[in-house]
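Notes follow the structure.
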Amino acid sequence: MSSTLDLQQAEKSPVTPDSLLTLERVSKSYRLWNRPHDRFLYGLWNQVPPSFPQKIRAFAERRKAKLGTEVFGLSEVSLSIKRGESVGIIGLNGSGKSTLLQLIAGVLQPTTGRVQVNARRVTALLELGSGFDPNFSGRENVLLHGSLLGLTEQENRARLPEVLAFSDIGDYFEAPVKTYSSGMVMRLAFASSITVNADLLIVDEALSVGDVFFQQKCYHKIRDLVKSGVTILLVSHDMRSVSEFCEEALLLDKGKVVFFGDVVEAINQYYTVSRAFLRSNVSSAPALKESPWQVTSQSGIHQLEPIPPDCCSPTTDAVAAFLGFAVLDQKGVSTNFFWQGDWLRLIFEVGIACDLENITPGVILRDDRGTFLHAKYEFQLDPMRLRSCKKGDVFRVSYMVRLDITAGYYTLSLAMLQIPPETIKNGKLSFADFDQHHKNVCGTDSIVSFTVSFNSERLGSSFAHFGAFDLPTRFGIEQDDFLG
């Protein structure tokens, strides 16, 4: 692994000629004031000169400590990145990602520690268009932006045709920016930033600019920059983009480094942190009273993660409930990251509160917008496999699905149905009979999320299909090609 991370040693990280970025025990703190005038008092006590006696300076420090509360956005981050690397920075909202990028870009200064950027030119896509003068034309703002980044007049003017072509704003390029729509401003800012031939490009959630066609253009440009050896720091909640553009990723949680290394492992740990966060925010509604169920995670082959009672429905007087789950890849390894075409295995556990007959568990797939995409129940594979259970029973289900779906972010939820046996005639169940007679027993909200990414290792194109799902397909020249 070419990048290094050291959170234990206080000595300085060695800076080699190929070290483009080095952070040494960097922290950034902010003070939250209890009262508006506390800021003024803090400033007064902060003016006590070093030449004053120690007792006075100590008294001033004690008074300052009582004014407000110090909060750390980042705490003791040490990091070294070599030239040509593309590193993702991931974490939940409020974990310190944007603060870290602003420190690296020089927008903020660290409270403690040192940031060293060994680059001739750094470009940051942080708040697109925020530095544009609304009274200047697009051309004038691009030239001003380039000059502030250190471009010569010749370099600055030579890139204008590329900026105009990439931003695709036409004649508005010569009009004042105050006449632009917000989308046009961001397109121009993006085009201006990526055409300055930077050694280090910092991107903070800036790949979703404009419509889908412009987004595709942005992704294509980033791919070209990665291939050309530009060092890229990418902050994104889109794990697919992080996995595609980055070999390594830094995971932050509450301002501290949780993991730095292989991007797939970082994404898996990100999902672990996400689940812990969701569990900590589940409301404190009481669990089902006198529940006989306990997750048998220790007695099974795979460790199951408990499902909070508040994620289940109904929350009271339930006759059954889902207790725990595990998500595995086709090798049986726990993960939340998959390549297109991989098999996902979901193991879940069900507890029964009273005698039940003819029940069937199922799994529901939704995308990142919550759109219902697919559901599969056990009875659909074999209508004769309806389960009968006694009060106090606990059973496990293993569900496997091949992810022939487009790259993206998905969630899984669970459901249980009851189907009267008389609706199954000669081993078959019609949709009309099912729709009329089935009953919902219990279900869950989304219990787990996962990412599917394009597979660069597959033969041919890295993407298997267009659209939401892949379908079994054959191509032939003549009808005979499909025979046999």
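Values quoted throughout were computed directly from the atomic coordinates according to the rules given, and no laboratory measurement underlies them. The structure displayed is predicted, hence computed values, not measured ones. So basically every Cβ, Gly included, is an ideal-geometry build from the backbone, and we count neighbours across all protein chains shown.
Things to note:
- Percent of beta bridges antiparallel (DSSP, segment 284-453, rounded to nearest 5): 95
- Inter-site label distance for TYR30 and PHE466 at 7 Å from Cα along Cβ, in nm: 4.5
- Relative to its residue count, segment 284-453 spans a Cα convex hull of 131 Å³ per residue.
- Sum of -39500 (n - 2.57) over DSSP H runs of 4+, divided by residues of the chain (222 nm, nearest 500): -7000 deg cm²/dmol
- Equivalent ellipsoid dimensions for segment 92-225 as semi-axes, Å, which come from the Cα gyration tensor, largest first: 25, 17, 15
- Legend: ranking of residues ILE81, ILE364 from fewest to most surrounding C-beta atoms inside 10 Å; resulting order ILE364, ILE81.
- Matching label, P(r) over Cα pairs in 10 Å bins from 0, in percent computed from the structure shown, candidates (1) 3, 15, 20, 21, 18, 12, 7, 2, 0, 0; (2) 3, 15, 21, 19, 15, 11, 7, 5, 3, 1, 0, 0; (3) 4, 21, 30, 24, 14, 6, 1, 0: (1)
- Taking label positions 7 Å along the Cα-Cβ direction at both ASP171 and LEU41, the computed distance is 6.2 nm, reported to one decimal.
- Legend: calculated FRET efficiency, TYR409 to ALA58, from the Cβ-Cβ distance at R0 = 51 Å, rounded to 0.05, equals 0.45.
- Longest segment of the chain lacking chymotrypsin sites (Phe, Trp or Tyr not before Pro) that sit in a DSSP loop with at most 15 other Cβ atoms within 10 Å: 137-462
- Lys/Arg +1, Asp/Glu -1 at C-beta; the chain dipole; positive extreme among VAL319, GLN269, LEU429: GLN269
- DSSP beta bridges confined to the chain are antiparallel in about 80 percent of cases.
- Eligible lysines near LYS425 by straight Cα distance, threshold 29 Å, same-chain separation 8 or greater: LYS376, LYS390, LYS391, LYS439
- Student exercise, segment 284-453 dipole from Lys, Arg, Asp, Glu Cβ charges, in Debye to nearest 20: 280
- Taking a straight line from the alpha carbon of LYS66, these lysines sit under 26 Å away, with near neighbours fewer than eight places off in the same chain left out: LYS28, LYS55, LYS254, LYS256.
- Distance between the pseudo-spin-label points of TRP343 and ASP329 (7 Å out from Cα toward the beta carbon): 1.4 nm.
- Which of ILE89, ILE104, ILE419 has the fewest Cβ neighbours within 10 Å, and the rest in rising order: ILE419, ILE104, ILE89
- Fewest-first ranking of SER80, SER192, using other Cβ atoms within 10 Å as the exposure measure: SER80, SER192
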